[in-house]
Each structure stands twice: as C-alpha cells, then as structure tokens.
Amino acid sequence: MLFLRNLAFYLAFYSGSLLITTASLVSLPFSVSAFRARVRNWSQWQRWCVRHMLGCEIVHEGAPFDEPVLYAIKHESFFEAIDAPALFNCPSVFAKQELFKIPLWGRAAAAFGLVPVEREAGAKALMKMIRHAKALIADGRPLVIFPEGTRVPHGESRPLQSGFAGLYKMLGLPVVPVAVNSGPIYHRRLKRSGRITYRFGEPIPPGLPRAEVEERVREAINALN
C-alpha cells in the first residue's frame, strides 16, 4: 500500500507540476495576476496530492499575519518549500541561487519574486538582496526564510545561518517563527501518511541583539521536535 500510494503521488504531482509550471510561463507575458495564481495552484496541487494520494492531514496552529513580517520557518523537507504560496498570500521566499538554474521552474521562480541567496558572496551581494527584499515589502508581500539554510532531520536543532541576523537587522521587521514537522512524513523517496503541522510562534520585535533573536527563533522553530 505504501508503495502504491507513493507511485500515485509521484505520477500525479510531477505530471501536474509540468503542466502547471508551463501554464504559468505561458500566462506571464499577458497577466501577472494570472501567473501568480498558477504558482499558487502548483502549491495547492501538492497539498491535494499529499492529502488524497498519501493520506496526510495538514494542520495550522495559528495563522499568518496581515502586516509585513519576516517568517522564519523550520526546514525538514521539500514540502514546506513548495507549500509557501499556498500557506501565505504571494510570498517572496529566500532561496538558494542554484535552484534558479532548474529548467522552467527557475524562470518561474525568478518571475514570481523569489530572492536568490548567494551563500559564498560577500557584503555587496547581501546589500543587493536587502534592496530586493525591501522592494517586495513595499509591494505588500510577506518574506519567508528558512534560517537553517538547508533541510534538517526531524528532532535535530542546528545553528542559524549568519545571513539571517543580517536580514533581521537591516530589514527592521518583526520575525514570526514557524515550526513544522514534515520530516517524518515527506521523505525524499518513500513518503508516509500522517499529520503535518504548522505552528506559528509569537512575533519577535525588531532591534534585538543577534544572540537573543537567534535563540528565540531557534527555540520556536524547533517547538515540534
């Protein structure tokens, strides 16, 4: 049964992804709103496949905020990365530069407003990223970051990447930590049924010392461990 569920999931999700990504790029020259709607459809398609093919429940404890904030999300699997446009209203996600090289997806990601992160770059790249992020904030879009910088197995807690503190300081936004426990379910290969929970933490105000904000975020995003 596990194998059959996974077979159905992979066939449905990836064939649908190809169609939806292509449709988003076709619509882009004609309508930005239609393009953004297709991107959201892709995230919603993943949710539908997770629920109906894998037999998973997706639970929200708390909800996104209306005002501009920086969401710092635990990263255990690809689920929450793909799910961001379904979870938030037209979010801009800080994503690894390498992801923008993926055919079709990379072009759609750049057009949607994802912010490329050059991990090995210096202060000049950081300032460019800050300017990009501030323009998105002015457009009323929420910002999403995975502050650990990579997927972390469920139950593990790792230090936050140094770039998070720089963004927090220079953007001057409250940070909302979000815990998620997708790791035991959304494996790279064989995915399982169960419950994926998002837990929204209390907003952390801007202007705190680096050590304090990092500790508070780290504790909150690991609340489901």
* Search the stretch 53-77 for residues that are part of a strand (DSSP E or B) and pair each with any residue that is open to solvent by 10 Å² or more (accessible area, probe 1.4 Å) and aromatic (Phe, Trp, Tyr) when their beta-carbon atoms are under 6 Å apart and the residues are at least 6 apart or on different chains. => ILE73/PHE146
* To do: For the stretch 19-36, state whether one or more residues are open to solvent by less than 20 Å² (accessible area, probe 1.4 Å), assigned to a helix (DSSP H, G or I), of a type outside the set (Lys, Arg) and within 25 Å of GLY183 (Cα to Cα).
  => no
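Would it be correct to say that ARG158 is touching a residue at least 24 places away in the same chain (Cβ under 8 Å), part of a loop (DSSP other than H, G, I, E, B) and among the basic types (Lys, Arg)? Even if it seems obvious, please write down each step before you answer.
Values: touching a residue at least 24 places away in the same chain (Cβ under 8 Å): no; part of a loop (DSSP other than H, G, I, E, B): yes; among the basic types (Lys, Arg): yes.
In short, no.
Is it the case that the stretch 119-126 has a residue that's open to solvent by 80 Å² or more (accessible area, probe 1.4 Å), over 21 Å from ILE221 (Cα atoms) and part of a loop (DSSP other than H, G, I, E, B)? Walk me through it before giving the result.
We begin by selecting, within the stretch 119-126, every residue open to solvent by 80 Å² or more (accessible area, probe 1.4 Å); these are 119-120, 124.
From what is left, the residues that are over 21 Å from ILE221 (Cα atoms) are 119-120, 124.
Cutting the leftovers down to part of a loop (DSSP other than H, G, I, E, B) gives us 119-120.
Yes.
Can you tell me how many residues in the stretch 170-225 are of a type in the set (Lys, Arg), surrounded by 15 or more Cβ atoms within 10 Å (Cβ to Cβ) and not in a strand (DSSP E or B)? Please lay out each step first, then the result.
The initial filter retains those residues of the stretch 170-225 that are of a type in the set (Lys, Arg), namely 188-189, 191-192, 195, 199, 210, 216, 218.
In the following step, the residues that additionally are surrounded by 15 or more Cβ atoms within 10 Å (Cβ to Cβ) were identified as 191, 199, 216, 218.
Narrowing the set further to residues that are not in a strand (DSSP E or B) leaves 191, 216, 218.
Residues in the stretch 170-225 being of a type in the set (Lys, Arg), surrounded by 15 or more Cβ atoms within 10 Å (Cβ to Cβ) and not in a strand (DSSP E or B): 3 in total.
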* Asked: Within the stretch 161-177, can you find the residues that are closer than 19 Å to GLU219 by Cβ and free of Cβ contacts under 8 Å to residues at least 60 places away in the same chain?
  -> GLN161, SER162, ALA165
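Being out of contact with any Asp or Glu (no Cβ under 9 Å at 6 or more places or on another chain), farther than 26 Å from LYS191 by Cβ, open to solvent by 10 Å² or more (accessible area, probe 1.4 Å) and among the aromatic types (Phe, Trp, Tyr): is that true of PHE65 here?
Working: out of contact with any Asp or Glu (no Cβ under 9 Å at 6 or more places or on another chain): yes; farther than 26 Å from LYS191 by Cβ: yes; open to solvent by 10 Å² or more (accessible area, probe 1.4 Å): yes; among the aromatic types (Phe, Trp, Tyr): yes.
Taking the combined requirement at face value, the residue satisfies it.
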* Of the residues that sit in the stretch 83-95 and are at pLDDT 95 or above, out of contact with any Lys or Arg (no Cβ under 7 Å at 6 or more places or on another chain) and not in a loop (DSSP other than H, G, I, E, B), which one is most open to solvent (accessible area, probe 1.4 Å)? -> LEU87
* To do: For VAL180, state whether it is of a type in the set (A, V, I, L, M, F, W, C), over 16 Å from GLU215 (Cα atoms) and touching a residue at least 60 places away in the same chain (Cβ under 8 Å).
  => yes
* Restricting the stretch 144-201 to residues that are under 14 Å from GLU80 (Cβ atoms) and hydroxyl-bearing (Ser, Thr, Tyr), which is modelled with the lowest pLDDT? -> THR150
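The values are calculated or read from the model by the stated rules, or taken from the named source; none is laboratory data. The structure presented is a predicted model; accordingly, all values stated were derived computationally and were not measured. Note that we place each Cβ from the backbone using ideal geometry, even for glycine, and neighbour counts take in every protein chain shown. Note: areas computed on protein heavy atoms with side chains; ligands, DNA, RNA excluded. Shrake-Rupley method; radii C 1.70, N 1.55, O 1.52, S 1.80 Å.
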